[in-house]
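Right, one structure below, let's go through it.
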Amino acid sequence: MEHKAFWVLKRVNFEHAAAGEKRKTQLAELEEMRLKAYESSKLRLFPGKLKSKWSRPFKVKNVMSHGAVKIENPSTERSWVVNGQRLKVYVGGEVLRLTTVVKFQE
C-alpha cells in the first residue's frame, strides 16, 4: 500500500511541475500578444486625413439653446453647428464694430 501511495505522490508532483511550465508558457504568449496589440494600436498619421478644418477665424451666425453655436466659414459660405465650448475667442486682426452718431440740435 505504501508503494502505491509513493507512486501517486510522485505522479502528482510531476504533473504539478508540468502545469507550472505550461503556465509560464501561457504567460509568455500572453505578454507577446499584449506587445503586438500595443504596437498595432499606435497612431499612424496619414497626410491630409487628419487635416484640421479649424484653421481660420469663423463668423458666428446663430447661438442656439444648450450652448450650440452655428458658425460660418467666410471664404466658402459653408456653415455648421458646433458645441460652443469648443470655440475660442479670436483676438487677432480687425474687429468691425457698429457705431452710431447722434447729433443734437442746440
message: For 21, 72, which order do you get if you count the other beta carbons within 10 Å of each Cβ and list the fewest first?
response: 21, 72
field: Phi to ³J(HN,Hα) by Karplus 6.51 cos²θ - 1.76 cosθ + 1.60 over region 76-92, Hz, x for Gly, Pro
entry: 10, 6, 8, 9, 7, 9, 10, 6, x, 6, 7, 7, 10, 6, 8, 10, x
- prompt: Roughly how many debye, to the nearest 20, is the charge dipole of region 1-42 about its Cα centre, given +1 on each Lys and Arg Cβ, -1 on each Asp and Glu Cβ, and no other charges?
  reply: 60 debye
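A short reminder: the numbers here are calculations on the coordinates, not readings from a lab. This is a predicted model, so every value here is computed, not measured. With ideal geometry, Cβ positions are generated from the backbone for all residues, glycine too; neighbour counts draw on all protein chains shown.
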